[in-house]
Amino acid sequence: MTEKKRALITGITGQDGSYLAELLLEKDYEVYGFIRRLSSPNPWRIQGILDKITLIEGDLQDQASINYAVKEARPHELYNLAAQSFVATSWQQPLYTSDVTGTGAIRVLEAVRLLDPECKVYQASTSELYGKALEKPQKETTPFYPRSPYAFSKLMAYWAMVNYRESFGIFAANGILFNHESPRRGIEFVTRKITDAVARIHLGLADELSLGNMDALRDWGFAGDYVVAMWLMLQQDEPVDYIIATGENHSVRDFVKMAFARVGIMDWEQYVKVDQKYMRPAEVIDLLGDSTKAKEELGWEPKTGFEELVNMMVDSDVARWERKKKAGL
């Protein structure tokens with residue numbers, strides 16, 4: 001009888017972690033999740049699969065707990081998705097962000113190097129590495145130009161993966177994922193902030209949406225599509241870094257307009273105001289990814305278009321607020 005593959009996912013309670021866990025369960029993996037102990041647990045994204053996975057408590061700031069998780073799970077594949085991933089917070093807590101997001105990835109690599117060197121490691125990298133992009137579209141060869149503590153912390157993690165695979169032969173691969181969204185996106189991220197506000201305005205529960213830079217351009221895809229690319233990267237014979245993106249970008253204004261249109265509101269401008277407090281100290285204006293390499297070598301392509309993504313998120317938030325309204329919450 002063939003041994004089941006085992007995977008350890010840090011950040012399993014997040015958007016990507018929950019979609020990835022579901023994908024791996026469908027592929028008959030034993031799935032372990034590395035989670036922080038919180039005073040108010042927040043497992044809503046994985047509620048439906050809690051009985052099918054094993055959770056191990058720990059923290060990316062604590063080497064001993066990472067070591068314990070690797071010993072306990074004995075993973076064939078380790079997906080490091082955990083991070084302090086909110087750009088605005090990274091400006092308020094740069095040292096914490098660099099320790100969790102940057103040094104945390106090194107702690108993961110050290111655990112693998114010392115305890116399970118055959119384990120394949122996936123590192124969740126980001127289009128924010130390109131920041132003030134020096135060419136368009138951005139490719140794997142485009143120079144990095146990070147513009148926030150979150151971005152330069154992710155850059156540390158990126159180069160740690162490269163160094164550990166070249167120095168110690170560890171299978172460590174970076175997925176440079178451009179923006180990817182879903183109904184499971186955290187409410188603090190701009191896309192989900194938009195769809196949540198649109199739902200409330202539509203239902204008469206709010207009358208305003210405050211945003212920062214409406215002209216920022218992003219390459220937005222669906223998180224459920226992107227976790228497939230993560231898995232594919234660890235099925236290869238050699239560790240390679242890939243950009244994962246749709247190849248088209250849209251402005252925040254485009255996203256807002258389409259979200260309001262989904263609920264039949266065409267005069268969206270009267271509900272939206274620009275607030276300077278949401279502007280970044282250093283803006284990232286235009287990100288557009290070229291995932292040709294992933295298409296050619298992994299056979300990966302996005303399946304969900306921009307309009308379908310926006311509609312999916314709006315519909316989900318409308319349904320959620322309708323339930324709350326009906327329940328009198």
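The values are calculated or read from the model by the stated rules, or taken from the named source; none is laboratory data. All values reported here derive from a predicted model rather than from experimental measurement. Virtual Cβ from ideal backbone geometry, glycine too; neighbours counted across all protein chains shown. The area values use the complete protein model at the heavy-atom level, side chains included, leaving out ligands, DNA and RNA. Shrake-Rupley method; radii C 1.70, N 1.55, O 1.52, S 1.80 Å.
Compute the signed sum of charges (Lys and Arg +1, Asp and Glu -1) over the other residues within less than 14 Å, Cβ to Cβ, of Gly14.
Overall, the nearby charge balance is +1.
Assigning unit charges at the beta carbon (Lys, Arg +1; Asp, Glu -1) and nothing else, what dipole magnitude in debye, to the nearest 20, does the chain show about its Cα centre?
820 debye
Please compute the per residue accessible area over the chain with all protein chains in place, 1.4 Å probe, rounded to a whole number of Å².
So the chain comes to 45 Å² accessible per residue, rounded to a whole number.
Using only DSSP helix segments of four residues or longer, with each worth -39500 (n - 2.57), what per-residue ellipticity at 222 nm results for the chain after dividing by its residue count and rounding to 500?
So the helix-based figure for the chain works out to -12000 deg cm²/dmol.
With springs only between Cα atoms under 10 Å, which of Met161, Met266, Met233 fluctuates most in a Gaussian network model of the chain?
Evaluated over the chain, the most mobile residue of the options is Met266.
I want the local charge near Glu208. Using Cβ-Cβ distances under 11 Å, sum +1 for each Lys or Arg and -1 for each Asp or Glu among the other residues.
Once positives and negatives cancel, what remains is 0.
Roughly speaking, what is the centre-to-centre gap between the range 16-62 and the range 96-171 when only Cα atoms are used, to the nearest Å?
Cα centroid to Cα centroid, the span is 22 Å.
Could you please report the charge total around Leu329, scoring K, R as +1 and D, E as -1 over all other residues with beta-carbon less than 15 angstrom from its beta-carbon?
+3
Rounded, prolate or oblate: pick one for the range 257-312, where a ≥ b ≥ c are the square roots of the eigenvalues of its C-alpha gyration tensor, a/c under 1.5 means rounded, and failing that, prolate if a/b is larger than b/c, else oblate.
Oblate, since a/c reaches 1.5 and b/c is not below a/b.
Kindly sort Lys293, Lys154, Lys132, Lys257 by accessible area of their heavy atoms, largest first, with the probe set to 1.4 Å.
Greatest to least solvent exposure: Lys257, Lys132, Lys293, Lys154.
How much of Trp44 can a 1.4 Å solvent probe reach, expressed as accessible area in Å² and rounded to 10?
Its heavy atoms expose roughly 120 Å² to the probe.
Taking the chain as a Gaussian network, where each spring joins two C-alpha atoms under 10 Å apart, which residue of Asp290, Asp267, Asp219 fluctuates the most?
Evaluated over the chain, the most mobile residue of the options is Asp267.
Hey, got the dipole for the range 171-316? About the Cα centre, +1 on K and R Cβ, -1 on D and E Cβ, debye to the nearest 20?
The dipole magnitude comes to about 520 debye.
Give the carbon-plus-sulfur fraction of the accessible surface of the chain in %, rounded to a whole number; probe 1.4 Å, heavy atoms of protein chains only.
That share works out to 49 percent.
Just the Cα atoms of the range 1-58: what Rg and Dmax do they give in Å?
11.3, 42
Using modelled amide H (1.01 Å from N, peptide plane; none on Pro or chain starts), what sits under 5 Å from the amide H of Glu57, excluding residues fewer than 5 places away?
Residues meeting the criterion, in which the H sits 1.01 Å from N, are Ile35.
Largest first, how would Tyr32, Tyr96 line up by accessible area (1.4 Å probe)?
Most to least solvent-accessible, the answer reads Tyr96, Tyr32.
Given points 7 Å out from each Cα along the Cα-Cβ axis, report the Arg74 to Asp28 separation in nanometres with one decimal.
1.9 nm
Given axes a ≥ b ≥ c from the Cα gyration tensor, I'd like to know whether the range 237-282 is rounded (a/c under 1.5), prolate (a/b larger than b/c) or oblate.
Oblate is the answer for the range 237-282, as a/c is 1.5 or above yet b/c matches or exceeds a/b.
Anything over 32 Å Cα to Cα? Flag those among Lys295/Lys324; Lys120/Lys277; Lys295/Lys325; Lys27/Lys257; Lys5/Lys303; Lys71/Lys136, in the order listed.
In this structure, Lys295/Lys324; Lys120/Lys277; Lys295/Lys325; Lys27/Lys257; Lys71/Lys136 lie more than 32 Å apart at Cα.
Which order do Glu181, Glu308 take by accessible area at a 1.4 Å probe, largest first?
The ordering from most to least exposed comes out as Glu308, Glu181.
Could you list log10 I(q)/I(0) for the range 193-238 at q = 0.14, 0.33 Å⁻¹, which the Debye formula gives when each Cα is one point scatterer?
-0.61, -1.08
If the viscosity is 0.890 mPa s and the temperature 25 °C, what translational diffusion coefficient in µm²/s does Stokes-Einstein give for the range 131-170 when Rh comes from Kirkwood over Cα pairs?
Result for D is 217 µm²/s.
Nearest 5 is fine: what % of DSSP beta bridges in the chain come out antiparallel, could you say?
The antiparallel fraction comes to roughly 5 percent.
In the Gaussian network model of the chain, springs joining C-alpha atoms below 10 Å, which of Asp237, Asp207, Asp225 carries the largest mean-square fluctuation?
Of Asp237, Asp207, Asp225, the Gaussian network model singles out Asp237 as fluctuating most.
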